[in-house]
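Data first, discussion second: the structure below is written as structure tokens.
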Amino acid sequence: MRLSSIAYKTVMAISGLFLCLFLTVHLLGNLALFFPESVARTTFNAYADFLTHLPPIKIAAYLTYFAVLLHVAFAFTLTKRNRASAGQRYAYRGSVNTTSWYTRWMGVMGGILLLFIIIHMWNFWYPYKYGHDIALDANGKKDLYGIVVTSFASLTCVLFYVLAMVALGLHLYQGLHNGLRSLGLYHNRYSVWSRRLSKVFAIIVSVIFALMPIYIYLRG
């Protein structure tokens with residue numbers, strides 16, 4: 001059965017909002033990285049251990065994986081469909097593309113974020129879950145904090161993460177606004193507040209996430 005564009009946008013909106021919720025929780029937990037190093041290590045490792053062993057969190061993690069895959073698959077399909085439709089309009093009507101540059105680059109930003117997710121999980125999630133030689137902290141918890149600090153000792157890694165957070169900010173700004181509109185908040189009165197909310201959320205999340213590797217790198 002071929003789904004309509006509205007159905008695709010609705011699914012993308014729901015999965016996108018779920019991922020925004022995940023980002024918020026993930027951000028709050030990662031704020032421990034800004035603590036003094038002695039406190040940050042035990043706090044962050046305890047947080048990671050808590051997420052690993054609590055059954056409801058495990059379920060939420062699998063839902064997050066599913067939401068990412070669903071969001072990517074539907075975005076890819078919808079982009080192909082929109083490009084085919086736009087090509088026909090331009091060919092027959094000579095239309096000019098008047099959309100904003102960040103709207104046109106949403107796919108590129110999404111691609112950067114997908115690459116970031118893969119690298120992020122390879123750098124942190126995989127060694128934490130399956131690494132056999134991972135060190136333990138003073139409380140006997142796996143030292144994920146040590147892995148993070150080691151990774152962000154590399155300037156290349158830091159710059160890539162900052163670039164990814166720029167892409168995240170732009171993607172959140174446009175995507176959250178579009179998602180809220182897809183779910184019915186398209187009246188002008190709501191659209192203004194939706195745009196403002198999206199901008200504030202995108203700036204807060206992307207800037208704080210970007211500051212984490214910078215802070216760890218500069219602290220040495």
Exercise. What are the residue pairs meeting all of these: first residue in the stretch 195-220, first residue within 21 Å of ASN178 (Cβ to Cβ), second residue surrounded by 14 or more Cβ atoms within 10 Å (Cβ to Cβ) and small (Gly, Ala, Ser), Cβ atoms under 7 Å, and 6 or more apart or on different chains?
Worked result: ALA202/GLY169; ILE203/GLY169; SER206/GLY169
Problem set entry | Neighbours by Cβ (under 7 Å, 6+ apart or cross-chain): first from the stretch 38-66, surrounded by 12 or more Cβ atoms within 10 Å (Cβ to Cβ); second in a helix (DSSP H, G or I) and of a type in the set (Gly, Ala, Ser) | ALA40/ALA32; THR43/ALA32; PHE44/ALA32; TYR47/GLY29; TYR47/ALA32
Problem set entry | Single condition SER154 does not satisfy, out of (1) at pLDDT below 90; (2) closer than 20 Å to ALA210 by Cβ; (3) not β-branched (Val, Ile, Thr) | (1)
Exercise. Among (1) surrounded by fewer than 19 Cβ atoms within 10 Å (Cβ to Cβ); (2) closer than 22 Å to TRP105 by Cα; (3) touching a Ser or Thr at 6+ places or on another chain (Cβ under 8 Å), where does LEU185 come up short?
Worked result: (2)
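For VAL200, indicate whether it is buried (at least 19 other Cβ atoms within 10 Å of the Cβ) and at pLDDT 95 or above. Please lay out each step first, then the result.
Working: buried (at least 19 other Cβ atoms within 10 Å of the Cβ): no; at pLDDT 95 or above: yes.
Here the answer is no, as VAL200 does not meet what is asked.
The values are calculated or read from the model by the stated rules, or taken from the named source; none is laboratory data. None of the values given here were measured: they were computed from a predicted structure. FYI the Cβ positions are ideal-geometry reconstructions off the backbone, even for glycines, and counts take in every protein chain you see.
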